[in-house]
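Here's the structure, in structure tokens; my notes come after.
The values are calculated or read from the model by the stated rules, or taken from the named source; none is laboratory data. All of these numbers come straight from a predicted model, not from anything done at the bench. Glycine also receives a Cβ, built like all others from the backbone with ideal geometry; neighbour counts cover every protein chain displayed. The area values use the complete protein model at the heavy-atom level, side chains included, leaving out ligands, DNA and RNA. Shrake-Rupley method; radii C 1.70, N 1.55, O 1.52, S 1.80 Å.
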Amino acid sequence: MTAPRSISAAPLVEAHGVHKSFGDLHVLKGIDLNVAPGEVVVILGPSGSGKSTFLRCINNLESIDRGAVLVAGEQMGYRVHDGRLIKLSPDAAARQRRNIGMVFQQFNLYPHMTVLQNIIEAPIGIHGVPRAEATAYAHELLRRVGLTQKADAYPRQLSGGQQQRVAIARALAIRPQLMLFDEPTSALDPELVGEVLATMRDLARQGLTMIVVTHEIGFAKEAADRVIFMDGGHIVEQGPPGEILVNPQHPRTQAFLARFI
Ligand code: ADP
Ligand code: MG
């Protein structure tokens, strides 16, 4: 268990009554969630329960049908003009997304670029950071993810765990206020999972705000401030890991966790 962090009052992420359907399929059925700055939230739940969709709604990769998502006080996909909400253009929406980092199951590094080039691409190309500054920060990030020696390697020369740590460094390179992880270790060979989780635990300790979808119960136990159990498009139960994981109240949470014992 990590030591309790001081968590300030104003939430960094607010989801209010979020609904999302794909055609007739009602995937998110009214999700309410506040995440405080520095908080680490782990989302658990069976396949198909809407976890990935919810993450994608937070950073507006999916539009929502009802409700609202605010990040750092700004409603995702909208701006306020004369007291009215105006839908953002795709470009403006992309700009708004830029302080949110996302790490996926498939790391999707650019195969023709070195590790360093992968990391500095967005800061230089999208954020206009000077090359020297972006490069210095990339080396700092490679140190944080334990890959100082790999700056000039190509993705194919790295193990899956190393590639995923590069993907994490790449997401951090834009200095995001919020990091979203969608099953970051699910595509890895079992022996490579630990190194990625260790990197994520370090980030959690350093006070990064993180929302992590994972089936790694051990990570949830050690790194999460709060665990959320989703099922059927609802948040069924949530609380500190010491409660949810040890003494779940809802039968669906109990049934889900029973699989991991
Ligand atoms: P989880 O991440 O919890 O496994 P998802 O959010 O990926 O669940 O998916 C929830 C449901 O929504 C699933 O039934 C999935 O097939 C469906 N779904 C997800 N994305 C799409 C999409 N782009 N179009 C149609 N259906 C989708
Ligand atoms: Mg998913």
By residue number, the members of segment 32-45 that are within 11 Å of ligand 1 (Cβ to nearest atom) and either open to solvent by 10 Å² or more (accessible area, probe 1.4 Å) or more than 20 Å from residue 203 (Cβ to Cβ) (or both) are 45
Exactly one of 165, 143, 131, 156 is crowded, with 21+ Cβ neighbours inside 10 Å, of a type in the set (D, E, K, R) and more than 16 Å from ligand 1 (Cβ to nearest atom), and that one is 165
Note on segment 131-187: residues without any contact (Cβ under 8 Å) to a residue 12 or more places away in the chain and of a type outside the set (Asp, Glu) are 131, 132, 136, 143, 148, 149, 157
Flagged in segment 175-186 as assigned to a loop (DSSP other than H, G, I, E, B) and either open to solvent by 30 Å² or more (accessible area, probe 1.4 Å) or within 16 Å of ligand 2 (Cβ to nearest atom) (or both), in numbering order, are 175, 177, 183, 184, 185, 186
Answer with yes or no whether residue 67 is touching a His at 6+ places or on another chain (Cβ under 7 Å) and part of a strand (DSSP E or B).
yes
If we ask which residues in segment 105-117 are within 19 Å of residue 182 (Cβ to Cβ) and either in contact with a Lys or Arg (Cβ under 6 Å, 6 or more places away or on another chain) or open to solvent by 80 Å² or more (accessible area, probe 1.4 Å) (or both), their number turns out to be 2
Residue 15 passes all but one of the listed conditions (1) small (Gly, Ala, Ser); (2) more than 16 Å from ligand 2 (Cβ to nearest atom); (3) open to solvent by 10 Å² or more (accessible area, probe 1.4 Å); (4) in contact (Cβ under 8 Å) with a residue 24 or more places away in the chain; the exception is number (3)
Hey, does segment 203-215 have a residue that's within 16 Å of ligand 1 (Cβ to nearest atom), within 17 Å of the chain's Cα centre (by Cα) and closer than 20 Å to residue 162 by Cβ? yes
Checking 23, 48 in turn, the sole residue that is surrounded by fewer than 16 Cβ atoms within 10 Å (Cβ to Cβ), small (Gly, Ala, Ser) and within 15 Å of ligand 2 (Cβ to nearest atom) turns out to be 48
Sole miss for residue 68 among (1) within 16 Å of ligand 2 (Cβ to nearest atom); (2) surrounded by 15 or more Cβ atoms within 10 Å (Cβ to Cβ) is condition (1)
Out of (1) in a loop (DSSP other than H, G, I, E, B); (2) surrounded by 14 or more Cβ atoms within 10 Å (Cβ to Cβ); (3) away from ligand 1 (no atom under 16 Å from the Cβ), the one residue 62 does not meet is (3)
Taking segment 189-245 and keeping residues open to solvent by 40 Å² or more (accessible area, probe 1.4 Å) and of a type in the set (Phe, Trp, Tyr) leaves none
| message | Among the residues that make up segment 90-101, is at least one of them open to solvent by less than 20 Å² (accessible area, probe 1.4 Å), closer than 16 Å to residue 181 by Cα, in contact with a helix residue (DSSP H, G or I) (Cβ under 8 Å, 6 or more places away or on another chain) and not aromatic (Phe, Trp, Tyr)? | response | yes
Looking across segment 73-89 at residues that are open to solvent by less than 80 Å² (accessible area, probe 1.4 Å) and touching a helix residue (DSSP H, G or I) at 6+ places or on another chain (Cβ under 7 Å), the single one that is farthest from residue 27 (Cα to Cα) is 88
